[in-house]
Amino acid sequence: MDLRNYSTEGIILARKNFGEADRLLTVFSKHYGKLRIVAKGVRRTTSRKRGAIEIFSFCRFLLARGRNLDILTDVEIKNNFQDWRDDLVKVGVAYHLCEVVDKLTVEHQEHKEVLYSLQECLESLHALDYWQLYPLVQNFKLEVLEELGFISKTKPVPTDVDSYIEDIIGTSLKSYKFLKTLARK
């Protein structure tokens, strides 16, 4: 068994350019929780991994342990949620869901239920009308808060979930303004 290489499935929560041709990915994985990994050379036009590392994609990752960050060696798309990617409202909802998971979780702590909830929400986006999105998001946030131990079923639920999350993380959610406009529709 090779201890330097490992594989897992997960959803890409965020990505940003890193160096000249690399990308830094934040992945919420099934077995290892939140991971920050480097995808070397993927910004080059010749990279075969380039199309597989889009934000929101559910993928199987083959990774090599690095000194500071683990390195993506191969990736296989399981679901890229193509059926709603051209709908900007649903993309905005997906950004918010991913941002909540990214901000509330710490690296290397497994939370399979959070991953399953996120995956289920992303899968259901295509079939929902706009008026159904806000309740989906609010229910998701409550599920995540409960799963991570920030709230309990025996105590009252916070009246303003977004403010409660922002108090926990100590900063504002970037995608929060978008959700406020969605709630008014």
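The values are calculated or read from the model by the stated rules, or taken from the named source; none is laboratory data. Everything numeric in this text was worked out from a predicted model, so none of it was measured. No Cβ is skipped: glycine too gets one built from the backbone with ideal geometry, and neighbour counts run over all protein chains shown. With ligands, DNA and RNA removed, areas are computed over all heavy atoms of the protein, side chains included. Shrake-Rupley method; radii C 1.70, N 1.55, O 1.52, S 1.80 Å.
Brief remarks on what is shown
- Relative contact order of segment 1-88, defined on C-alpha pairs under 8 angstrom at six or more residues apart (%): 28 percent
- Based on C-alpha pairs under 8 angstrom that are at least 6 apart in sequence, the chain has a relative contact order of 19 percent.
- Of [x] 53, 32, 30; [y] 60, 52, 23; [z] 47, 35, 26, the label for Cα extents along the principal axes in Å derived from the coordinates: [z]
- Extended-chain gain in nm, criterion 0.36 nm per residue less alpha-carbon gap, Asp87 and Lys153: 20.3 nm
- Estimated inter-spin distance, Lys78 and Tyr164, nm [label 7 Å along Cα→Cβ]: 2.9 nm
- Angle between the chain longest axis and helix 130-147 axis [Cα atoms, degrees, rounded to 10]: 70 degrees
- In a reduced charge model with +1 at each Lys and Arg Cβ and -1 at each Asp and Glu Cβ, the chain shows a dipole moment near 680 debye about its Cα centre.
- Average accessible surface area per residue within the chain, 1.4 Å rolling probe, Å²: 55 Å²
- Fraction of accessible area attributable to carbon and sulfur, the chain (%, probe 1.4 Å): 48 percent
- Qualifying aspartates and glutamates (Cα of each under 13 Å from Cα of Lys30; at least 8 residues distant if same chain): Glu9, Glu107, Glu110, Glu113
- Charge context of Arg15, other residues only, Cβ under 10 angstrom, K/R +1, D/E -1: +1
- C-alpha long axis of helix 88-104 to longest principal axis of the chain, angle in °: 80 degrees
- Normalised radius of gyration (Cα atoms, divided by 2.2 N^0.38 Å) for segment 1-76: 1.00.
- Prolate/oblate/rounded call for segment 97-180, Cα gyration tensor, a/c under 1.5 rounded: rounded
- Sparsely packed GluC sites (Glu not before Pro) within segment 1-71, loop by DSSP, other Cβ within 10 Å at most 13: Glu20
- Listed residue pairs exceeding 21 Å between alpha carbons, taken from Lys16/Lys174; Lys34/Lys141; Lys49/Lys103; Lys141/Lys174; Lys16/Lys40: Lys49/Lys103
- Extension gain for the segment Arg65 to Asn5, taken as residue separation times 0.36 nm less the Cα-Cα distance, is 21.0 nm to one decimal.
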